[in-house]
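Scroll down for the structure; my scribbles are underneath it.
The values are calculated or read from the model by the stated rules, or taken from the named source; none is laboratory data. Bear in mind that the values here come from a model prediction, so they are computed numbers and not experimental data. Because the Cβ atoms are built from the backbone with ideal geometry, glycine has one as well, and the counts that use them run over all protein chains shown.
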Amino acid sequence: MKLFAPPAYAHGDRLETAGHVLRLSVNARARRISLRVDRTRREVIATAPTARRLGEAVAFARERIGWISEQLADLPAPRAIAPGMTIDLFGETFSLVGRPGRARLDLEARTLGAADDAAFADRALRLIKAEAKRRFTLMTQDYAATLQRPAPSVSVVDPRGRWGSCSPARPGRPASIRYSWRLALAPLAVADYVVAHECAHLVEANHSPRFWALVDRIFGDPAPHREWLRAHGAGLHAFGR
Ligand SMILES: [Zn+2]
């Protein structure tokens, strides 16, 4: 006889439920079973305090399929990258143009060209990321100069939960800032705010009142831009999916 049967579900499991993805999560601090929508991943998360109660969490979610469908229907539609689509990069409009045998980012002509259809999305993404890195590097250098700090190294990544992050300088290594390349698709002022925010961390590696006072001094009021990201962040994550 098995005294301790292993739980049927584990933290991180993903189940298909009525056409939606249900992700299971164990959180020892959770007092009860709960459901929430991860708008970035377009998944529903069922949380239970222990792995043993995940079965209950799954049943709870299955009883609330109607609510789940409503929440997910509210999300921005995925925007697959295709020739002929128009995108805004740092506030300027570009057409994505397929051009047999060639692939280039033509900023003057406001077109992004790529080779054949199969490679089109990959190529367009690479060009967008390269442009994002170029622009974020310049913007970062400006704020670092304003703050009289050495320019950090800049990279672009695609995290789900944050728009930027800053690692302080260590002996022999400059500070480094990582930005979500998807910010290139946001209004320029929003991208600018995130750059100012991360650069302010070069001086204040925290979110103290001193940090926010510094953001206000070098950038201005962050509130409308933080609000924009809360309201439209899922739309940035819907691009290219
Ligand atoms: Zn921060």
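Within the option set 175, 189, being in contact with a Leu (Cβ under 8 Å, 6 or more places away or on another chain), more than 12 Å from the ligand (Cβ to nearest atom) and in contact (Cβ under 8 Å) with a residue 12 or more places away in the chain holds for one residue only, 175. The residues on offer are 155, 165, and the sole one that is more than 16 Å from the ligand (Cβ to nearest atom) and either part of a loop (DSSP other than H, G, I, E, B) or at pLDDT 95 or above (or both) is 155. In this structure, residue 226 qualifies as in a helix (DSSP H, G or I), within 16 Å of the ligand (Cβ to nearest atom) and in contact with a helix residue (DSSP H, G or I) (Cβ under 9 Å, 6 or more places away or on another chain).
Annotation: of all residues in region 194-216 being more than 11 Å from the ligand (Cβ to nearest atom) and farther than 19 Å from residue 150 by Cα, the one that is surrounded by the most Cβ atoms within 10 Å (Cβ to Cβ) is 216. Here is the figure for region 160-176: residues that are exposed (fewer than 14 other Cβ atoms within 10 Å of the Cβ) and closer than 30 Å to residue 241 by Cβ total 3. Of all residue pairs spaced 6 or more apart or on separate chains, those with beta-carbon atoms under 9 Å, a first member in region 202-220 that is of a type in the set (Lys, Arg) and a second member that is more than 11 Å from the ligand (Cβ to nearest atom) and assigned to a loop (DSSP other than H, G, I, E, B) are 210/203.
Okay, residues lined up against (1) assigned to a loop (DSSP other than H, G, I, E, B); (2) basic (Lys, Arg); (3) touching a helix residue (DSSP H, G or I) at 6+ places or on another chain (Cβ under 9 Å); (4) loosely packed, with under 15 Cβ neighbours inside 10 Å:
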site: 7; (1), (2), (3), (4): yes, no, yes, no
site: 15; (1), (2), (3), (4): no, no, yes, no
site: 29; (1), (2), (3), (4): yes, yes, no, yes
site: 37; (1), (2), (3), (4): no, no, yes, no
site: 53; (1), (2), (3), (4): no, yes, no, no
site: 84; (1), (2), (3), (4): yes, no, no, yes
site: 88; (1), (2), (3), (4): no, no, yes, yes
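Do you know which of the residues in region 143-152 that are touching a residue at least 12 places away in the same chain (Cβ under 8 Å) and not in a loop (DSSP other than H, G, I, E, B) is farthest from the ligand (Cβ to nearest atom)? Out of the qualifying residues, it is 146. Right, residue 95: assigned by TED's automatic domain parsing to the domain that holds residue 135 and not aromatic (Phe, Trp, Tyr) or not? It is true that residue 95 is assigned by TED's automatic domain parsing to the domain that holds residue 135 and not aromatic (Phe, Trp, Tyr). Of the numbered criteria (1) at pLDDT 95 or above; (2) part of a helix (DSSP H, G or I); (3) over 20 Å from the mean Cα position of the chain (by Cα), the one residue 133 fails is (3).
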